[in-house]
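The values are calculated or read from the model by the stated rules, or taken from the named source; none is laboratory data. Computed from a predicted model, the values in this text were never measured in an experiment. Note that we place each Cβ from the backbone using ideal geometry, even for glycine, and neighbour counts take in every protein chain shown.
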Ligand code: NAD
């Protein structure tokens, strides 16, 4: 199964489907990421705050998969935005991951009350220039935060990773990002299982029409929208199910019906409130 790669604004590319490890127990991470790699995933999304980078690194090392076939993302936590802290934070993440370079380093939240997210971005540009991150981007940044970064540094983030699922699509952020050639990554792409997304009529109807599961339909909706997505599951059968999404396509009408599920329903923190 070949996962499509999308071009980033810095000349690099990213596999559009990956595997996320938020809330994966650090003690179980090596085994779970090994299962994901065995299922075919080559793009892993972790973060310093998940405290499971060591397990991700062990799974990578044990896999024997050539480094250039993997795409590894980690994130700078908000406690490490100030001063030169980002420079030590990336070194700690690389050490835990057992890597010399991550493929993508993200500033995790703007945490605007701290007033340090622009500094974090300036240091991340240095991290990229030092070769410790091939691409750099942000997460949970609203247009006002993106504008501040771009105005100060002239460096446009390669991606913005935001909460995005059918009931919460953040169209203002998506449209701003499209205008600036910033790729959107969806976190919580399945709504984190916090509302009955898989029982919504447009999702179940498309699943029945294509002989696929509701989860596969929602992942397909993201992919056809051009969104990068990395659903999480601890279960090998679901990992395989979530990866098996390249043998069908939703019709324009099915896409539109799922898009119409937007109702401003967030399942987790708001960028202005995480500080
Ligand atoms: P998700 O939407 O991927 O939901 C995960 C949950 O969905 C699983 O725990 C499981 O209960 C369920 N699930 C998965 N596959 C299923 C299937 N085939 N059938 C039925 N249920 C299924 O939520 P997530 O893990 O929060 O988001 C994905 C990734 O995004 C994370 O692992 C992490 O890498 C990233 N993330 C980033 C941020 C951020 O602030 N940048 C925040 C949250 C998550």
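Quick notes
- Residue in region 105-118 that is more than 16 Å from the ligand (Cβ to nearest atom), on the phi < 0 side of the Ramachandran plot and in contact with a strand residue (DSSP E or B) (Cβ under 9 Å, 6 or more places away or on another chain) present: no
- Verdict on residue 215 being more than 15 Å from the ligand (Cβ to nearest atom), outside any loop (DSSP other than H, G, I, E, B) and either crowded, with 16+ Cβ neighbours inside 10 Å or without any contact (Cβ under 8 Å) to a residue 24 or more places away in the chain (or both): no
- Candidate set: region 173-192, residues that are assigned to a helix (DSSP H, G or I) and touching a helix residue (DSSP H, G or I) at 6+ places or on another chain (Cβ under 6 Å); chosen: the one nearest to the ligand (Cβ to nearest atom): 191
- Residue within region 193-206 that is under 20 Å from residue 76 (Cβ atoms), within 16 Å of the ligand (Cβ to nearest atom) and under 20 Å from the mean Cα position of the chain (by Cα) present: no
- Output for region 127-148, where each listed residue is assigned to a helix (DSSP H, G or I), in contact with a helix residue (DSSP H, G or I) (Cβ under 7 Å, 6 or more places away or on another chain) and over 19 Å from residue 270 (Cα atoms): 127
- A Cβ distance below 7 Å, combined with a sequence gap of six or more or placement on separate chains, defines the contacts here; from region 145-165, residues that are more than 15 Å from residue 175 (Cα to Cα) reach residues that are assigned to a helix (DSSP H, G or I) and within 15 Å of the ligand (Cβ to nearest atom) in the pairs 165/191; 165/197.
- Odd one out for residue 264, checked against (1) more than 13 Å from the ligand (Cβ to nearest atom); (2) more than 25 Å from residue 36 (Cβ to Cβ); (3) out of contact with any strand residue (DSSP E or B) (no Cβ under 9 Å at 6 or more places or on another chain): (3)
- Some residue of region 105-116 being assigned to a helix (DSSP H, G or I), in contact with a helix residue (DSSP H, G or I) (Cβ under 9 Å, 6 or more places away or on another chain) and under 26 Å from residue 26 (Cα atoms): no
- Selection of region 218-240 for residues being without any contact (Cβ under 8 Å) to a residue 12 or more places away in the chain and farther than 15 Å from residue 193 by Cβ yields only 237.
- The one condition in (1) more than 24 Å from residue 241 (Cα to Cα); (2) surrounded by fewer than 16 Cβ atoms within 10 Å (Cβ to Cβ) that residue 2 fails to fulfil: (1)
- Screening 7, 36 for residues that are surrounded by fewer than 22 Cβ atoms within 10 Å (Cβ to Cβ) and either closer than 25 Å to residue 221 by Cα or at pLDDT below 95 (or both) leaves exactly one candidate, 7.
- Hits in region 55-95 - residues which are under 22 Å from residue 232 (Cα atoms), within 16 Å of the ligand (Cβ to nearest atom) and in a helix (DSSP H, G or I): 55, 56, 57, 59, 60, 93
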